[in-house]
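Chemist: First the structure, which I've put down as structure tokens, then a few questions once you've had a look.
The values are calculated or read from the model by the stated rules, or taken from the named source; none is laboratory data. Owing to the predicted nature of the structure, the values given are computational and were not obtained by experimental measurement. Here the Cβ positions follow ideal geometry from the backbone for every residue, glycine too, while neighbour counts run over all protein chains shown.
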């Protein structure tokens, strides 16, 4: 790392990026008029936008200052933070591309390079970005290393192997045995040992020594942020819920990609305060919340606004989701005094690395705790571990809990998969069932 | 044109008939989903593993439980399970291979309330380190305890004979593969594939005897066929194998998940602790798309196979929606293209018969290989 690179990075971090973003905000003040179906927008939205913009903007100034890692959303990033590695989350970036309805264009670049259209669209978008340099974030730094964990899917391992091959860079892989029944002691020991074995590798890559104290601070911060995120999600038990799950899809970005950093910890304190104030004042995310829904699976990023409006106009609010809950669910296992085994428990038991009985029970609890009237399941072509089992889960949960449920077949970020009319028809029929059920009750 | 099999036919037991007979004899049969599992351990527990890769028949019931974008191996596996075959008496084993098979195991166990016991086995994906080896050893012993009626793991004495038998099978198979690599095996592509797939359902002693008989088909003179390498999950349908036979193309080696990726390149001899032997065997398997091996390692391995066999091209037979294979494929093909080495990719949904389009593509590939051979 060079002195000049470091100085440039520090200047941009403390002065340059805030100034640049301030200028951008002046230019972009106009926004579309709010739909009357929604309550007032969260004030934290602007703060979130600023944080994420700064993160992507600052990333451009990392060369010569910091090592950059591309990381999967379920990887134990705290370890990288202890080495002051700048992290970029390709999944988040792909979601951003998807939300801007650019997914198909980026996927096409990867497909043109020989990758099958049947592969995960996050991966195709990322590879499309890698081959073309295109990004709505302006410019992303190339990684010095890759860090992945198969606790969210095996796909990330296959995908990161391709990047490692293309860029000839190291790939650090955290292998998390699937919890078919329950975590065993040897599962935990295996994961804990892998984490410790990564230290000399990271020391070699960064040229920095591992500092346990600093690592513990990061871990604690990570735990606090996740717990606060959990409280924010819990606030949606209130009637009316202070935010919608579509808001939460956006606000989970820091817990995914800035976990362990002070900025995320502070951000969630502010957001929690805001949602609790709204709860106290009875301010809802939609103007007239009559029905409450649960969402299963990752968002349909290119249809978030459309779906939010569709349901809000029918007085329906998504108050909980398995997806947003994933970054809060296992935090309770984290223990700064026992970092390695507690991280193994935390990262090894997340929803997608856990069996379907666990998912069924979790969803049952969520439906009951959040007083849910109906369930929408997004069956996505891109995510097999999230989607396989949904047909049976739908049947079991809707029968046992007597709530209407619908499955929509779509994709997380490739908008070519969206069959608008068909989905609209299915959702309208679903909404009628929710209304009928409520009337009958 | 007469096929080479007419010279000395090899009798390979039919899968269905064989399993029916064994079930009738009281053999405990376990349905095993793809791909890597400790077969010696099952044998030692008195279980005959019957592997479920691509059971024939129409997919009807499974479509109610799985999305359209799920691969044929998973769909056919579930269809088979839903038919509740009486042959399967000891339940099902789901080794951890990919996301789809991982979830299928849980789906069958947790959501479909299978009446038969469901076992899972996690194959570690991380590189071979002391932590990985310890984990694998513990997983082997854990599975042994699950399979045991009194929840105790096998003693070394109980396991050793089966490790030895497994090693003898590996050795025989390696000799046959070496003969095939040198194109000294007088078996058609189709018969050779059936011979290799017999491991999926035969008792080890019967498998050993079959391989032993197959050695009689090793001939001293090299065949005159054009050698190619086969890669993917499963071999293509019989029509394609027949076409290759008829055109004098010989599949001399494979990089199939259902085939050679499950065997160490150099067979090991069990010495000392049988658990450690099983662990060593696992960690010496060739690079695979489903594991954490780098693409560089896979390319090196394929190059070695090509070099050993003088293969003139690679036929990739890829199951539609198979993510691990589809991710690796592009880098492998790019590498071979840069070397000017011919490849062909076929995509299959494991239909009983090959599509006309695939046959035409194979024909064109063969023509190209022949032209290259002449030039």
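Chemist: May I ask you to verify whether residue B:89 is more than 30 Å from residue A:379 (Cβ to Cβ) and out of contact with any strand residue (DSSP E or B) (no Cβ under 6 Å at 6 or more places or on another chain)?
Modeler: It is false that residue B:89 is more than 30 Å from residue A:379 (Cβ to Cβ) and out of contact with any strand residue (DSSP E or B) (no Cβ under 6 Å at 6 or more places or on another chain).
Chemist: Give segment B:53-69 a look and list any residue that's out of contact with any helix residue (DSSP H, G or I) (no Cβ under 6 Å at 6 or more places or on another chain), within 14 Å of chain A (Cβ to nearest Cβ) and touching a residue at least 12 places away in the same chain (Cβ under 8 Å), or say none.
Modeler: B:63, B:69
Chemist: Can you pull out every residue in segment B:137-163 that is touching a helix residue (DSSP H, G or I) at 6+ places or on another chain (Cβ under 7 Å) and either assigned to a loop (DSSP other than H, G, I, E, B) or more than 13 Å from chain A (Cβ to nearest Cβ) (or both)?
Modeler: Residues satisfying the conditions are B:144, B:151, B:152, B:153, B:154, B:156, B:158, B:159, B:160, B:162, B:163.
Conditions tested, residue by residue: (1) free of Cβ contacts under 8 Å to residues at least 24 places away in the same chain; (2) out of contact with any helix residue (DSSP H, G or I) (no Cβ under 7 Å at 6 or more places or on another chain).
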| position | (1), (2) |
| --- | --- |
| B:294 | yes, no |
| B:301 | no, yes |
| B:306 | no, yes |
| B:312 | no, no |
| B:323 | no, no |
| B:329 | yes, yes |
| B:334 | yes, yes |
| B:344 | no, no |
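Chemist: Restricting attention to segment B:67-87, report how many residues are over 19 Å from residue B:351 (Cβ atoms) and crowded, with 21+ Cβ neighbours inside 10 Å.
Modeler: Selection size over segment B:67-87: 1.
Chemist: Taking segment B:89-120 only, how many residues are more than 15 Å from residue B:288 (Cβ to Cβ) and within 9 Å of chain A (Cβ to nearest Cβ)?
Modeler: 16
Chemist: Residue B:317 - would you say it is outside any strand (DSSP E or B) and either modelled with pLDDT under 95 or under 28 Å from residue B:357 (Cβ atoms) (or both)?
Modeler: Judged against the criteria, residue B:317 is not a match.
Chemist: Across segment A:101-118, which residue is surrounded by the most Cβ atoms within 10 Å (Cβ to Cβ) among those that are more than 14 Å from chain B (Cβ to nearest Cβ) and in contact (Cβ under 8 Å) with a residue 60 or more places away in the chain?
Modeler: A:103
Chemist: Return yes or no: is residue B:297 within 14 Å of chain A (Cβ to nearest Cβ) and surrounded by fewer than 19 Cβ atoms within 10 Å (Cβ to Cβ)?
Modeler: Judged against the criteria, residue B:297 is a match.
Chemist: Are any of the residues in segment B:172-191 within 14 Å of chain A (Cβ to nearest Cβ) and part of a helix (DSSP H, G or I)?
Modeler: No - not one qualifying residue is present in segment B:172-191.
Chemist: While we're looking at this one, here's another question. Filter segment B:118-133 down to residues that are within 26 Å of the chain's Cα centre (by Cα) and either part of a helix (DSSP H, G or I) or over 26 Å from residue A:175 (Cβ atoms) (or both), then give me how many there are.
Modeler: Matching residues across segment B:118-133 total 2.
Chemist: Also, I was wondering about something else. Assess whether residue B:311 counts as being in contact with a strand residue (DSSP E or B) (Cβ under 7 Å, 6 or more places away or on another chain) and more than 13 Å from chain A (Cβ to nearest Cβ).
Modeler: So residue B:311 fits the description; yes.
Chemist: Return yes when residue B:82 is more than 21 Å from the chain's Cα centre (by Cα) and on the phi < 0 side of the Ramachandran plot and no when it is not.
Modeler: So residue B:82 passes the test.
Chemist: Moving to a separate point now. Given B:339, B:288, which one is more than 10 Å from chain A (Cβ to nearest Cβ) and surrounded by fewer than 18 Cβ atoms within 10 Å (Cβ to Cβ)?
Modeler: B:339
Chemist: Also, I was wondering about something else. Can you pull out the residues in segment A:155-170 that are more than 7 Å from chain B (Cβ to nearest Cβ), without any contact (Cβ under 8 Å) to a residue 60 or more places away in the chain and on the phi < 0 side of the Ramachandran plot?
Modeler: Correct list: A:166, A:167, A:169, A:170.
One line per residue, one yes/no per condition, for (1) assigned to a loop (DSSP other than H, G, I, E, B); (2) over 18 Å from the mean Cα position of the chain (by Cα):
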site	(1), (2)
B:264	yes, no
B:307	no, yes
B:324	no, no
B:330	no, yes
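Chemist: Does segment B:252-260 contain any residue that is away from every other protein chain (no Cβ under 14 Å) and closer than 17 Å to residue B:166 by Cβ?
Modeler: yes
Chemist: Right, another one. When you go through (1) within 14 Å of chain A (Cβ to nearest Cβ); (2) buried (at least 19 other Cβ atoms within 10 Å of the Cβ) one by one for residue B:349, which number turns out not to apply?
Modeler: (2)
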